Amino acid sequence: MNLTRSQFDAIVVGAGIAGLYMLHRLREAGLSSLVLERGHGVGGTWYWNRYPGARCDVESLEYSYSFCEELQQEWNWSERYSGQPEILDYINHVAQSFDLLKDVKFGTSVLQATFDDTTSQWIVETDQGDRFTALFLIMATGCLSSTNTPEIEGRDSFKGNTYHTGNWPHHEVDFGGQRVGIVGTGSSAIQAIPHIASGCESLTVFQRTPNFSVPARNGSISKSYESRVKANYSEFRARNRLMPAALGSTFIGNNQSALDASAEEQQLEFAKRWKIGGFGFLGAFNDLTINKESNDVAAEFARERIRETVEDPATAEVLCPDSVIGCKRLCLDTNYFETYNLPHVDLIDIRRNPVERVTRTGIQCQDSKYELDSIIFATGFDAMTGTLLRINITGSSGLTLQEAWKAGPQTFLGLAVNGFPNMFLISGPGSPSVLTNMIVSIEQHVEWIEKCIGYVLENQHSAIQADEEAQDDWVQHVNLLASRTLYPSCNSWYLGANIPGKPRVFMPHVGFPNYVAKCEEVRSLDYEGFTFS
Ligand code: NAP
């Protein structure tokens, strides 16, 4: 882009699904806006996560923007769950259709953002030596955008290639003839493992915690289903927005406790949903995420499927999670457990045989050594707060975000932070974000922020910020909602438990769609809980 100015109404950080829609809305509202993006293309998550098998776990007809009827009619998805290349094509199509690229500066990381109390402007500085100012700063930096690579002794001494699923090369990686090791068995690994196994000499999987996974049952979208949805797309979207996770197609809830069903009824309900595939499994009964006894039945059903799929009983047991199903993000897979039946695929239980160090030629565990040509870290992200805290954000009176969040993230509605006027977060901690179809949450946040900015400007305020009291109440409310569920019972990234030293706080808000009603209430009460200056 050819920048001829350095002063904007709004600066948006990130050109993923959130940042692009924010830019579109700001532009429609007549505001001058600039998007700063670290990558060399749009797409955010879908730009970086190019590992073999990367695929969305929300159905294609739902995982797309709803704001433009023409767009949702003209785009045709090929599969029930879209692969990364198709989603990235779609995002590029949107960026071009709405002529968004001209306001995005690519290859530019924001290093710091500082609020100037005297001018009520944000000063944004980048690694390209830029210095921009704007009245509003909108962080569209994503929930899973800072990769986590564990500090294993000797990691940098490995003479083969290392990869991270969240920062995959942009060229094809050929593992032909190679001995490959993969560390981690989360959603990314569970998708990648069958693909990598099919193209390498041997694959060794280093598993710390086994994960639950439900079959995705991916396949091409039937034209008749697509036509039915498209005939009433806005109704389909409206219905999904009222669902607990904003997921419609297969997440048909069952308003019955597992404990009120007979053992036979339980098995029938789980089996029905297992056959359909997808997250609908967790909707089998209404108390699977809140009642341990009910959850145990679902968990045992899923463990039985592992045992009947994996031929070697000892391997099957190592793959069986002993935790709450759905406590960590439930994985969806295609042939994940089947892959362990292949003769060249090995599973190492690193809880029993811990990794000691990476050597020049492989991985040394306590009891055994593995010679490898490539190591893949599928070790996840410093989720929800990682990217925000890596940027030096300084609010009013010199308060830094690192200080404000040292005991864990504090926000009002996940949208704003006390002490940081005119800064908005899209899908920030304290909002439902990762517990929903992200695009539904993103659209809701973007539209709320755009209206809020309009209100500030119309009323000739220079700044808006969340009140400390409203924020404290919100943080308490988010914690209370989480405490009524089984979510806090495992070491998930929702809690920051995957990152050594990160405060253990349940970050997402468990309460879509009530959350949306709360945001609307705040807006209708002239932004109750916010102060203007
Ligand atoms: P993840 O779920 O956090 O999984 C990371 C894996 O690495 C875990 O198995 C973890 O083990 C392991 N690990 C981390 N640090 C380790 C260490 N020091 N030593 C050994 N193992 C270690 O990350 P992810 O798989 O990238 O997925 C993150 C999220 O991205 C998902 O939950 C999902 O929301 C999203 N995602 C979605 C899709 C999709 O749409 N289908 C696909 C991929 C990702 P522990 O469990 O013991 O910590």
Global geometry of region 459-533, whether rounded, prolate or oblate, following the gyration tensor of its Cα atoms and the 1.5 cut on a/c: prolate
Dipole axis of the chain (+1 Lys, Arg; -1 Asp, Glu on Cβ), positive-most option in Leu144, Gly362, Met1: Gly362
Helical contribution to [θ] at 222 nm, DSSP H n ≥ 4, -39,500 (n - 2.57), averaged over the chain, rounded to 500: -9000 deg cm²/dmol
Alpha carbon centroid spacing (whole Å) that separates region 384-410 from region 45-66: 29 Å
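So if I place +1 on the C-beta of Lys and Arg and -1 on the C-beta of Asp and Glu, and nothing else carries charge, what would the dipole magnitude of the chain be about its Cα centre? I want it in debye, nearest 20.
Values: 43 positive and 64 negative charges, 114 e Å.
I would put it at about 540 debye.
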Accessible-area composition of the chain, carbon plus sulfur, in percent [1.4 Å probe]: 47 percent
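Over all directions, the average projected area of the alpha-carbon convex hull for region 352-451 comes to how many nm²? Can you show the working numbers first?
Details: hull surface 40.3 nm².
Dividing the Cα hull surface by four gives the mean projection, 10.1 nm².
Given region 232-363, report the % of alpha carbon pairs whose separation exceeds 25 Å.
On the way: 3446 of 8646 pairs.
Distances greater than 25 Å cover 40 percent of the Cα pairs.
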Charge-dipole axis of the chain as Lys and Arg at +1 and Asp and Glu at -1 on Cβ define it, positive-most pick from Pro343, Ala216, Ile87: Pro343
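Rounded to the nearest 5, what % of DSSP beta bridges with both residues in the chain are antiparallel? Mind showing how you got there, number by number?
On the way: 24 of 64 bridges.
Within the chain, antiparallel bridges account for around 40 percent of the total.
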Förster-model FRET efficiency, 60 Å R0, Glu70 and Ser368, C-beta, rounded to 0.05: 0.55
Two-decimal ratio, the chain, of alpha-carbon radius of gyration to 2.2 N^0.38 Å: 0.97
Rounded if a/c under 1.5, otherwise prolate or oblate - region 1-110, Cα gyration tensor axes: oblate
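Just order 453-464, 10-21 by mean Cβ neighbour count inside 10 Å, highest at the front, would you? Display every interim value, and only then the final one.
Working: 453-464: 15.4, 10-21: 27.7.
Highest mean packing first, the order is 10-21, 453-464.
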Positive-end extreme of charge dipole, the chain - chosen from Thr400, Gly501, Gly160 (charges on Cβ): Gly160
Solvent exposure of the chain as accessible area per residue, Å², 1.4 Å probe: 41 Å²
Cα coordinate range in region 218-307, projected on the principal axes (Å, largest first): 41, 27, 17
Protection-proxy order for peptides 293-300, 330-337, each taking the mean of Cβ atoms within 10 Å per residue, highest first: 330-337, 293-300
Separation between Cα centres of region 143-158 and region 241-304, rounded to whole Å: 36 Å
Area accessible to solvent at Leu101, 1.4 Å probe radius, in Å²: 60 Å²
Cys with no candidate disulfide partner in the chain (beta-carbon separation under 4.7 Å rule): Cys56, Cys68, Cys143, Cys200, Cys320, Cys331, Cys365, Cys452, Cys519
For region 43-91, alpha-carbon Rg over 2.2 N^0.38 Å: 1.11
Glu265 paired with Asp473, simple spin-label distance in nm, labels 7 Å along Cα-to-beta-carbon: 4.1 nm
Dipole magnitude (debye, nearest 20) for region 426-503, charges at Cβ of Lys, Arg, Asp, Glu: 460 debye
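How high is the relative contact order of region 169-328, in percent, counting Cα pairs under 8 Å that sit 6 or more residues apart?
The normalised contact order for region 169-328 reaches 21 percent.
Treating only the Cβ atoms of Lys and Arg (+1) and Asp and Glu (-1) as charged, compute the dipole magnitude of region 211-260 about its Cα centre; round to the nearest 20 debye. Numbers along the way, then the final one.
Details: 7 positive and 3 negative charges, 54 e Å.
Dipole of region 211-260, to the nearest 20 debye: 260 debye.
The values are calculated or read from the model by the stated rules, or taken from the named source; none is laboratory data. Please read all numbers here as calculations on a predicted model, not as lab measurements. Virtual Cβ from ideal backbone geometry, glycine too; neighbours counted across all protein chains shown. All accessible areas refer to the heavy atoms of the entire protein, side chains included, with ligands and DNA or RNA removed. Shrake-Rupley method; radii C 1.70, N 1.55, O 1.52, S 1.80 Å.
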